[in-house]
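A short write-up of the structure that comes next.
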Amino acid sequence: MSTKHYNIKYLENTGQFLKNLKEFSYKPFTTYHQGLIVDVGCGTGMDVINMANLLGEQINVLGIDHDPVMIQKANSSKGDLKNVEFSVSEVNSIALADESVTGLRAERLIQHLKDPEQAVAEMYRVLKKDHPLVIVETDWAGLTIYNEHTDAAKKLTDYLTEIKINNGYASRKLTSYLRGAGFNDIRISIFSFVLKSLSEANEYLWLEHILNEATDKGYLSKAENEEFVNSLKTSDENGYFACCLNMVIANCIK
Ligand SMILES: C[S@@+](CC[C@H](N)C(=O)[O-])C[C@H]1O[C@@H](n2cnc3c(N)ncnc32)[C@H](O)[C@@H]1O
């Protein structure tokens, strides 16, 4: 088993980095002035708190996550917001009635699921008719490192999509999951992120850490790893390091 590629600090750092994308993802909910918005796989609760502040106190915002450590962190961050709640829950069995939710959001969740279709069906069940779902996913298969060691880079992508991330191609399959569950008016938006230094790539992608893990798991040889990292360091020291990753936002309506 490989370790998770995120923790509380990682979510806080990437949350700042993804600020514009997050704000874009809240837009479909801004037409609602009452009801319940649910952020599924809410992690540290950053998006729940942002949406509660954005949408006003007539709207209730609920964050659910199956990890009690995340929910504890989220509860400790909510301050005196009265319209925010957090709850430990599996996405596959949300303790809410059919058609009871005004809007649903899930960011970087579907990539972790072994049964994404069931999760999307559960989201469909709780959402009111004609109301929005927004899903944000990382396009891990599209990770591009501008470097001549293309074999090593390809092996890194293979490790990420096949081993590290349970559902590594989630971003490519979103429209199929959504159509399969019955959602309509599906629209896709892409946000591209460019990392211009090795330290940024290590902060936002844990690049060297994941390369070492891929090497331990036999995806790259030690020599390939060393050659690749040395070349990344050279490009970094000479000011031409570049790495790019897309994030996909799927908007739809039940
Ligand atoms: C990469 S984090 C993203 C957190 C947050 N959405 C964000 O963008 O900052 C994925 C979150 O999904 C949660 N998660 C993973 N599988 C889950 C499941 N089956 N049910 C509920 N939450 C889950 C994890 O505990 C984690 O907090």
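General remarks:
- Pick from region 2-34, criterion within 21 Å of LYS196 (Cβ to Cβ) and of a type in the set (A, V, I, L, M, F, W, C), ranking: nearest to the ligand (Cβ to nearest atom): LEU18
- Options GLU23, GLU85: the member that is acidic (Asp, Glu) and surrounded by 18 or more Cβ atoms within 10 Å (Cβ to Cβ): GLU85
- Taking region 1-110 and the helices (runs of 4 or more DSSP H) fully enclosed by it, the elements with 1 or more residues that are under 22 Å from ASP185 (Cβ atoms) are at 19-26, 46-55.
- Close Cβ contacts (under 7 Å, 6 or more residues apart or on different chains) running from residues in region 76-87 that are in contact (Cβ under 8 Å) with a residue 12 or more places away in the chain to residues that are assigned to a loop (DSSP other than H, G, I, E, B) comprise SER77/THR44; SER77/GLY45; LYS78/GLY45; LYS82/GLU57; ASN83/GLU57; VAL84/LYS78; PHE86/CYS42; PHE86/GLY45.
- Subset of region 214-234 [assigned to a helix (DSSP H, G or I) and surrounded by fewer than 19 Cβ atoms within 10 Å (Cβ to Cβ)]: ASP216, LYS222, ALA223, GLU224, GLU226, GLU227, VAL229, ASN230, SER231, LYS233, THR234
- Within region 154-211, the set of residues being assigned to a helix (DSSP H, G or I), among the aromatic types (Phe, Trp, Tyr) and farther than 30 Å from ALA121 by Cα comprises TYR204 only.
- Scanning region 104-144 for residues that are more than 17 Å from TYR6 (Cα to Cα) and among the small types (Gly, Ala, Ser) turns up ALA119, ALA121, ALA141, GLY142.
- Every condition in (1) touching a residue at least 60 places away in the same chain (Cβ under 8 Å); (2) more than 30 Å from ASP236 (Cβ to Cβ) holds for ARG179 except the one numbered (1).
- Which numbered condition GLN118 fails, given (1) more than 27 Å from VAL61 (Cα to Cα); (2) modelled with pLDDT of 95 or more; (3) among the polar types (S, T, N, Q): (1)
- In region 82-113, the qualifying residues are those that are more than 17 Å from the chain's Cα centre (by Cα) and of a type in the set (A, V, I, L, M, F, W, C), and the one that is farthest from the ligand (Cβ to nearest atom) is ALA97.
The values are calculated or read from the model by the stated rules, or taken from the named source; none is laboratory data. For clarity, every value in this text was computed on a predicted model and none was experimentally measured. With ideal geometry, Cβ positions are generated from the backbone for all residues, glycine too; neighbour counts draw on all protein chains shown.
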